[in-house]
1. If you take the beta carbon distance between residue A:133 and residue B:46 as r and set R0 to 41 Å, what does 1/(1 + (r/R0)^6) give as a FRET efficiency, to the nearest 0.05?
2. Looking at chain A, send over the antiparallel percent of its DSSP beta bridges, to the nearest 5.
3. Would you mind telling me which residue in A:71, A:87, A:59 has the biggest mean-square fluctuation in a Gaussian network model of chain A, where springs connect alpha carbons within a distance under 10 angstrom?
4. Over the whole of B:84-96, what's the average partner chain Cβ count within 10 Å per residue? Rounded to a whole number, please.
5. When a/c reaches 1.5 or more, the comparison of a/b and b/c decides; with that in mind, is region B:1-87 rounded, prolate or oblate per its Cα gyration tensor?
6. So, in nm, how far is label residue B:140 from label residue A:47 when the simple model puts each one 7 Å beyond its Cα toward the Cβ?
7. Order by neighbour count: A:42, A:26, fewest other Cβ atoms within 10 Å first, most last.
8. Given contacts defined as C-alpha pairs under 8 Å and at least six residues apart, what's the relative contact order of chain B, whole-number percent?
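All of the numbers you see were taken from the coordinates with simple rules; none came from a lab. Computed from a predicted structure; not experimentally measured. As a convention, Cβ positions derive from the backbone with ideal geometry for all residues, glycine included, and neighbour counts pool all protein chains shown.
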């Protein structure tokens, strides 16, 4: 199963539409959380918003995650050891208030489980290249921040 | 007289809250109340001490004012000695109110902001005792901004 998620704040139909078109051809099992979108998507299953518990279950069940460059998904997919394809929201298309997702995508493209795609064509290529029958080669990540950061925060809290 | 220490850890749902959850070991040994914008997070993350605030962003002033009022009464009721927030606007509101009521405050700007601080993050300078970014290169661009590490 492929789990697609674009967060709750804004729609990201450019991504959802591309996955939907790919899904119509490939026939893959796709569930998409599409946010406040009024788009019509025919091939994939979709809901605007899901509960945190359902999001958690879908993440655990997914063979592949496709998402906007949101930190919630990047962190959670990495914690769960899931392969993740991300496409950044772009300001020029009205997809976010600024281009911070483009910066985020660039900063996380070195993570072994993450594939960054620039546009819809690259997204479809990455989906074509993915083998959902293989199990994830990525180990689950840590649940908590690195010890150094935790210890630094403890010091700040104790000091103040 | 010293009061018993109490942490209020605040973040909007989504990426902000996921980052806050990765910091939980930093609050070990303190009574901690978590605050977010989606009540479903309490069960998803097994948090038994959880409060809800409405969401807002820094662009919508009327909504932000309402969040500030709600945050004020929340802080007045809970009386935290410390507040940590990973953003966004509701976290800023809690930090501002808690600072006014004497708490020690720490802002940790979201790791999503790699090129510049968010709107709430830039304003947090005025209400946070410790004003942190998760990107060391940004400390050169914002006087007073500290880097202490990142969540991942």
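1. On the way: r = 33 Å, r/R0 = 0.81.
Once the sixth-power term is evaluated, E becomes 0.80.
2. Details: 0 of 19 bridges.
DSSP beta bridges in chain A are roughly 0 percent antiparallel.
3. A:71
4. Numbers: counts 3, 0, 1, 0, 1, 0, 0, 0, 0, 0, 0, 0, 0.
Taking the mean over all residues of the peptide, I get 0.
5. Values: a/c = 1.93, a/b = 1.23, b/c = 1.57.
It is oblate, given that a/c is not under 1.5 and a/b is not larger than b/c.
6. Each label point lies 7 Å from its Cα, and together they span 4.7 nm.
7. Details: A:42 9, A:26 16.
By the 10 Å Cβ count, ascending: A:42, A:26.
8. Working: 292 pairs, mean separation 31.1, N = 152.
Over chain B, the number comes to 20 percent.
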